[in-house]
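To start, the structure under review is shown below, and the notes come after it.
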Amino acid sequence: MKTSLEIHPGSPAGLGYARLGHGPIPVLVLHDWLGDHGSYDAVMPWLDGQAFTYVFADLRGYGQSIALTGACTVEEIAADCLALADRLGWQRFHIVGHSMTGMITQRLAADAPSRIASAIAVCPVSAAGNRLGPEALAFFASTTEDDEALRRLFRHVSSGLSDGWADAKVRHNRATVAPACRRKYLDMLVTADFVDAVRGIETPFLVVVGDRDPGIDAQAMQGSFLAWHPNATLHVIAHCGHYPMQECPPAFAALIEGFLKRQAG
């Protein structure tokens, strides 16, 4: 039976979100720097709405929260997520973060360890941030306005997906990400550093990477998430780049739900 998606716009009360399912296991899902909750559209048909309640949150400046402004910091995102969990009546929940919000799973586990049942970090930037040299930083900054630069970035991080996919990703970014927040979140990505706050956190972590992701690989995860979190495990998805929820959605759904059910059971 297909589960319908409920849309909840953001407001002064907090972040907007999309809700899927009404199961007993609550899961808060966060998106990457380049897109809103729609980045998960391809995987939604494969998720178990009877076992889980998924809430796909949009950060300030994205999607259902596109009109919400803010400082665009790690601390603000974590506080917004906890406030959303409070609105939902979730005392304890699971968290999924992709790329930029991989570090938010760590911040939440550090700030509210009693509330985070488990965490899934997908192709994640870690609490050490993503230090970029001047040339790379200039390129990433150019993608906030230059469509062709953004298209090149999407092609680079995928595992050989079509030009049509990259074009669709560019259109989605421009329609769902407020221009004013794009550089602010990039600055957060390249300056964040709260490693000392996350060392030794015992929250169960599943760290997922694709074997064709050119920037975030298994070796990097061994030196960060797995080195810092004693209960972290790594799963490498074959023939996959930076967007496993789009590149291999049924397999991605099975992977994360298997982990979540083990943690909940």
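The values are calculated or read from the model by the stated rules, or taken from the named source; none is laboratory data. Keep in mind that what you see is a predicted model, and the values were worked out from it rather than measured. No Cβ is skipped: glycine too gets one built from the backbone with ideal geometry, and neighbour counts run over all protein chains shown. For accessibility, only protein heavy atoms count, side chains too; no ligands or nucleic acids. Shrake-Rupley method; radii C 1.70, N 1.55, O 1.52, S 1.80 Å.
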Query raised in the report: Does at least one position in region 17-29 carry a residue that is under 25 Å from E145 (Cα atoms) and either open to solvent by 40 Å² or more (accessible area, probe 1.4 Å) or in contact with a helix residue (DSSP H, G or I) (Cβ under 6 Å, 6 or more places away or on another chain) (or both)?
Result: no
Report task. Having 3 or more residues that are over 26 Å from L132 (Cβ atoms), of a type outside the set (A, V, I, L, M, F, W, C) and open to solvent by 20 Å² or more (accessible area, probe 1.4 Å) is the bar; report the helices (runs of 4 or more DSSP H) wholly within region 153-265 that clear it. Result -> 249-264
Report summary line: By residue number, the members of region 12-53 that are among the small types (G, A, S) and closer than 16 Å to E76 by Cα are A13, G14, G16
**Report entry** Whichever residue in region 1-16 is in a loop (DSSP other than H, G, I, E, B) and among the aliphatic types (A, V, I, L, M) and, among such residues, is surrounded by the most Cβ atoms within 10 Å (Cβ to Cβ)
**Finding:** L15
Query raised in the report: Within region 75-124, restricting attention to residues that are polar (S, T, N, Q) and open to solvent by 10 Å² or more (accessible area, probe 1.4 Å), which residue is nearest to Q263 (Cα to Cα)?
Result: S114
Requested in this report: Can you work out which of the residues in region 200-214 that are more than 17 Å from the chain's Cα centre (by Cα) and charged (D, E, K, R) is nearest to S158 (Cα to Cα)?
Outcome: R212
Query - Selection count, region 124-152, where residues are under 18 Å from M100 (Cα atoms), assigned to a helix (DSSP H, G or I) and not aliphatic (A, V, I, L, M) - result: 3
Requested in this report: Given the conditions (1) free of Cβ contacts under 8 Å to residues at least 40 places away in the same chain; (2) in contact with a Cys (Cβ under 9 Å, 6 or more places away or on another chain); (3) not hydrophobic (A, V, I, L, M, F, W, C), report the number of the one that G210 does not fulfil.
Outcome: (1)
Requested in this report: Kindly provide the set of residues from region 52-74 that are open to solvent by less than 20 Å² (accessible area, probe 1.4 Å), assigned to a loop (DSSP other than H, G, I, E, B) and among the hydrophobic types (A, V, I, L, M, F, W, C), ordered by number.
Outcome: L59, C72
**Report entry** Tabulated pairs, region 79-96, first more than 13 Å from Y17 (Cα to Cα), second open to solvent by less than 10 Å² (accessible area, probe 1.4 Å) and assigned to a helix (DSSP H, G or I), C-beta under 6 angstrom, 6+ apart or interchain
**Finding:** F93/A85; H94/L260; I95/T105; I95/L108
Query raised in the report: Only one of (1) within 22 Å of Y54 (Cα to Cα); (2) buried (at least 17 other Cβ atoms within 10 Å of the Cβ); (3) of a type outside the set (S, T, Y) fails for A141. Which number is that?
Result: (1)
Requested in this report: Report whether or not P113 is more than 17 Å from the chain's Cα centre (by Cα), closer than 20 Å to V207 by Cα and part of a loop (DSSP other than H, G, I, E, B).
Outcome: yes
**Report entry** Condition broken by G129, with the remaining ones in (1) open to solvent by 10 Å² or more (accessible area, probe 1.4 Å); (2) at negative phi satisfied
**Finding:** (2)
